[in-house]
1. Given the options Ala70, Ala49, Ala65, name the one that is under 10 Å from the mean Cα position of the chain (by Cα), at negative phi and among the small types (Gly, Ala, Ser).
2. Return yes or no: is Glu57 assigned to a strand (DSSP E or B), among the acidic types (Asp, Glu) and either under 13 Å from the mean Cα position of the chain (by Cα) or surrounded by fewer than 17 Cβ atoms within 10 Å (Cβ to Cβ) (or both)?
3. With respect to Gly30, determine if the residue is outside any helix (DSSP H, G or I), open to solvent by 30 Å² or more (accessible area, probe 1.4 Å), on the phi > 0 side of the Ramachandran plot and not basic (Lys, Arg).
4. Looking at Arg74, is it assigned to a strand (DSSP E or B) and exposed (fewer than 12 other Cβ atoms within 10 Å of the Cβ)?
5. Can you name the condition, by its number, that Val18 falls short on among (1) buried (at least 16 other Cβ atoms within 10 Å of the Cβ); (2) outside any loop (DSSP other than H, G, I, E, B)?
6. Sort out which residues of the stretch 1-24 are within 20 Å of Thr83 (Cβ to Cβ) and either touching a Gly at 6+ places or on another chain (Cβ under 8 Å) or modelled with pLDDT of 95 or more (or both), and write them in order of number.
7. Which number in (1) of a type outside the set (A, V, I, L, M, F, W, C); (2) in contact with a Ser or Thr (Cβ under 6 Å, 6 or more places away or on another chain); (3) modelled with pLDDT under 95 marks the one condition that Glu50 misses?
8. Can you pull out the residues in the stretch 77-92 that are open to solvent by 40 Å² or more (accessible area, probe 1.4 Å), touching a residue at least 60 places away in the same chain (Cβ under 8 Å) and not hydroxyl-bearing (Ser, Thr, Tyr)?
Amino acid sequence: MADKERLHAEVYGDVQGVGFRAFVIRRALGSGITGWVRNRSDGSVELVAEGPRSALETLLTDVQAGPSAATVERVDTQWEPATLGFKVFGVR
């Protein structure tokens, strides 16, 4: 669908054990965003989100700031066409 895109982001810093995944889910819900978020073994958090570009840009801004207990050092992003393979947003 032309009006939807996919954001793949890897978030580095002090981002595990600080409520980061729950923060991302709260931001995604109600925004027309679907996909997932997960902790990675290297201490980073990874997310794949699909939805309207404007909603994804807002989510990315929120992710770059993170919840108050987190320290985000870097966010690597890739923009891709949406696959429409998700029905909800959740933890993987």
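1. Details: Ala70 fails: under 10 Å from the mean Cα position of the chain (by Cα); Ala65 fails: under 10 Å from the mean Cα position of the chain (by Cα).
Just one listed residue meets the conditions, Ala49.
2. Working: assigned to a strand (DSSP E or B): no; among the acidic types (Asp, Glu): yes; either under 13 Å from the mean Cα position of the chain (by Cα) or surrounded by fewer than 17 Cβ atoms within 10 Å (Cβ to Cβ) (or both): yes.
No; evaluated as a whole, the condition is false for this residue.
3. Details: outside any helix (DSSP H, G or I): yes; open to solvent by 30 Å² or more (accessible area, probe 1.4 Å): yes; on the phi > 0 side of the Ramachandran plot: yes; not basic (Lys, Arg): yes.
Yes: the conditions hold for Gly30.
4. Details: assigned to a strand (DSSP E or B): yes; exposed (fewer than 12 other Cβ atoms within 10 Å of the Cβ): yes.
Yes; evaluated as a whole, the condition is true for this residue.
5. All conditions are met except number (2).
6. If we filter the stretch 1-24 for residues that are within 20 Å of Thr83 (Cβ to Cβ), which is where we start, we get 1-10, 24.
Correct list: Lys4, Glu5, Arg6, Leu7, His8, Ala9, Glu10, Val24.
7. (3)
8. Quick first cut of the stretch 77-92, residues open to solvent by 40 Å² or more (accessible area, probe 1.4 Å) only: 77-81, 83-88, 91-92.
This time we only want the ones that are touching a residue at least 60 places away in the same chain (Cβ under 8 Å), so: 77-81, 83-84, 91.
The answer is Gln78, Trp79, Glu80, Pro81, Leu84, Val91.
The values are calculated or read from the model by the stated rules, or taken from the named source; none is laboratory data. From a predicted model like this one, the values you see are computed outputs, not experimental measurements. Reconstructed Cβ throughout: ideal geometry from the backbone, glycine too, with neighbour counts over all protein chains shown. Just the protein is used for accessible areas: all its heavy atoms, side chains included, with ligands, DNA and RNA removed. Shrake-Rupley method; radii C 1.70, N 1.55, O 1.52, S 1.80 Å.
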